[in-house]
Structure formats: structure tokens, C-alpha cells
Amino acid sequence: MTETTRPVLRGFHVLAVALVAAIGVASSSSSAQNAQPLDERILLGVGTHQGLGGPIGGRGYVPSIAVKQLKDLGVTSFRDDFPWSDFEIPGRAFGFNPQLSRLEAQVKSGVGRPVLILGFGHHLVPNSDPPTTDDARRRFVNYATAAALSVAPQRPIFEMWNEYNLGARRNPDFNVENYVALAKAVQPAVKRAVPSAPFVVGVLGDDPGFKWTDALLKTDLLKIADGISIHIYNHCAAPAGRIAAEAIQRLETFQQRVAQATGNPNYPVYLTETGWPTGEAKCSVNEQLSADNMAQIILWSSTAGSWLKGIWIYELKDSGTKLTELEHNFGIYHFDNTPKPAVCSIRESWAFIRTSQTAERTKPVPGVVLIRSQSGAETKAALWSENPTKRFEVRLKGSEPNAEVSHVCQQAPRPAPGAWTELSTTPLLVTAKGQAALDFEIRPAN
């Protein structure tokens, strides 16, 4: 993941009077219309760290615990490292070994579709970090081919390196030309080994102004790739910008660049890292806002076009115990595997939206997002305030006697249909049987 970002902060409009909002009336809207339910169109996953640190690892990841956590969340994928230097050990044939035993156990558990990162240099191979010579690239291709074959039955997705563009900050060899040369050498070998496995390029870390991205898009690499991936964080922005709305806006901007460069509005995009760290570091957010942001981006995914292939939350558990160390606190579980609020938030928001077949996003009043979806015989709506400092009140307009109303993960008594209910960054979920209007009145609460 990447620690810094320079987001474009969004404004917030103050409401002076109560406003009546119908779902079809909005200041902006987007929609997804599909015959398939959402969980058959995209993957929802979580990043793990079984592939780093050898048979034990200092981050505290244990395959049996992680598998249970992933099952409890209901996610459909996980993402992990598949490092060259641990897969090719001197004196041994290519393949899983004690150094990668934790990764092997998780991959072969069948808990979800694995997204595996092919990457990193090898300490015994000259010019390999990154590969810049024909020999280094040949050695990398040999590793990538064997790695792909070793996980073929698990329907893997492969990413080409991790945040390669960030390497340019320390080494000019991490440039677009060397990345493209490596990816073009690896792609045909991996596709021959596992033809059905998507080969995803980019894996972009923080890229102010999309400069590295645009240089990559000017090459012809995306013609042979099966998709492009990006990581989006905003936790080091000003506090008002550490919200899901900003991350979503930047992802949509990225997708528009990709569509324009490829001439394909549905070119596959993978958001393989996003998240909000808790703890006490300068760039941390509180645990409830982190949970709310994750719920919002999951609910939003139902309205994205067919270009979106998946979202992976970073990461499953905290990688350390120091509250002031940013990298220790990205987990949705604490280091000791006790859950943060994000665990319930991810589980409930995904359970609510994963069967959605059609969905529309609107902004019935400035600062409020409303998503209306159809899931078989049910009509659903999700609403929230984009800004943690702005709260509203909402109630169903008209009689919907069969509607069920609740806040994500809040155990308080459910508000009665027709009663005014608080609306904050914690999404409000509404479900009704059959075709229902689900119109709302919304007014400011502060």
C-alpha cells in the first residue's frame, strides 16, 4: 500500500430548509443495469500477508484464522504476495516450500479466488529489482510460469508487480519502459501456463496527477493485458478528505482516463487496495469512520459500470501493535484478531447489496448519497451523509408498511417507517418486498 496521497477535496453544501427527495431526482446519478447479481459481476476481497515473512512471519497471519475470518466476512476473494525470491530457492525445484507454506495453505483452502502478485527482485539474480536485462527478465519469466502453474486449479488472477511506480522514487530503473518490457515478456508465458487467468497490469500506487499512469496508458501494454489495477488511499489528506466519496471520485477519474486511452469504456479496472488505517498516527481515522467508508464503497460498487471487476480492502488484520505506526493499523481486525467495527460493516453492507441486479446512485440533496437497487423480489435503498461533520434526518415519504429500516451494524431498536431517523456516515438500509417507491424526506439535523 501507499501512505501518501494528494486528493482533490470535495466541497459540502449546507442545507437551510427541509427538502423532499424522491429517488429519481438528483444532482448527480449513476447506475448499473445487469441480469447477474452483483457478486457474480465483481469480486469483493481483502488483502492478506501470508506470502511475506516465511513460515511464521512477523505480521501475525495464521492461515487457519485468516480462512475463518474471510468466510465470516462473506467475501469472495483475497489478495496476497507471491514473491520470486521465496519461490525459487537455491538447491530446490520451483514450487511451494516451507518459506511459502502459509500462502500455499490459504490458496489451497478454496476460501476465495486468489489475486496473486508476481513480483519483486531476487537477491541472487543481478539486475532483478527491477529486472532490466534480458537475462533477469528471462529468469523472472521462468519463475512466473512455474508460479502460475502451481496455483492453476484455484482460478487465480495475476498482478504484474506491486506499486512499481513508487519504486521510481528511489531508483530510476522503475520506469515505464522497463515495466512494459517485463510485462510483455511475462504475459505470454503466464497465459500459456493458465490461459483462463486474468493478467492485470499497472498495480499503481499513489500517482499525483496520474503522470506515471498516463505514460503507461500511452504504450500498447493494455492491448495484451486483461485489466489494469490501482490503489487508492486518502487517509493523509486533510481530515475532510478522508472519506469514501473522494476515493470513489478518484477511481472514476482513473477509469475515464483508461477508457479514453483504450477506446473501451468497459476496459476492466481492479481496485486491489483501498482502506483507512486506525490507531493514533497523524494520518489515522477513527474506527467508526473507517468502517463507514468501507460500507459506502461496497454499496457504491453496485452502481459502477461493467468496467469494475473488484474491490480489495487493505488489509485483513493489523500487521503490528504500535498504535502510532501507520502501517501497523490498516487491519479490519486488530493484531490479536479481535474485530474492529469494519468487520461487521463489510459483512452487513456486502450481504445487503451482493444480490443486487440493478442499482442507481443519486444525490437527492447535496451531501447525501442514495442508492436504490432491485434484488429479485425486493426493493432496497441505502442512504448516508458523505461528510462526518454533517448529519441529516430522513424518513420514508408515504406508507410502506412492509419496509424494514436499520443502520449498518447498529443494534438499537429499528426506526419505524415514517419516523424521522438520523442519517450520518453510517449507511441507513431500507428493504421492502416487491416494487416499492421508497421515496424519502430529508432535512438537516445540525
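The values are calculated or read from the model by the stated rules, or taken from the named source; none is laboratory data. Quick caveat, the model's predicted, so the values are computed rather than measured. Backbone-built Cβ (ideal geometry, glycine too); neighbour counts: all protein chains shown.
For residue 91, the criteria (1) in contact with an Asp or Glu (Cβ under 8 Å, 6 or more places away or on another chain); (2) farther than 21 Å from residue 311 by Cα; (3) not hydroxyl-bearing (Ser, Thr, Tyr) hold in every case but one, which is (1). Within the set 159, 104, the sole residue that is over 24 Å from residue 274 (Cβ atoms), among the acidic types (Asp, Glu) and within 26 Å of the chain's Cα centre (by Cα) turns out to be 104.
Taking the listed residues 189, 181, 148, 144, the one that is more than 23 Å from residue 90 (Cβ to Cβ) and assigned to a helix (DSSP H, G or I) is 181, with no other qualifying. Between 178, 165, the distinction of being crowded, with 22+ Cβ neighbours inside 10 Å and either free of Cβ contacts under 8 Å to residues at least 12 places away in the same chain or closer than 14 Å to residue 130 by Cβ (or both) belongs to 165 only. Selection over the range 107-126 of residues that are crowded, with 19+ Cβ neighbours inside 10 Å and polar (S, T, N, Q) gives a count of 0. Selection of the range 311-327 for residues being buried (at least 24 other Cβ atoms within 10 Å of the Cβ) and either without any contact (Cβ under 8 Å) to a residue 40 or more places away in the chain or in contact with a helix residue (DSSP H, G or I) (Cβ under 9 Å, 6 or more places away or on another chain) (or both) yields 311, 313, 316, 317, 318.
Scan 265, 277 and give me the residue that is assigned to a loop (DSSP other than H, G, I, E, B) and more than 20 Å from residue 337 (Cα to Cα). Exactly one residue qualifies, and that residue is 265.
Okay, residues lined up against (1) farther than 15 Å from residue 348 by Cα; (2) at pLDDT below 95:
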| residue | (1), (2) |
| --- | --- |
| 366 | yes, no |
| 376 | yes, yes |
| 390 | yes, yes |
| 401 | yes, yes |
| 406 | no, yes |
| 419 | yes, yes |
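Restricting to the range 192-212, what's the tally of residues that are crowded, with 19+ Cβ neighbours inside 10 Å and in a helix (DSSP H, G or I)? Here the count works out to 1. For residue 215, indicate whether it is buried (at least 19 other Cβ atoms within 10 Å of the Cβ) and part of a helix (DSSP H, G or I). Considered against the rule, which asks whether it is buried (at least 19 other Cβ atoms within 10 Å of the Cβ) and part of a helix (DSSP H, G or I), residue 215 comes out as no.
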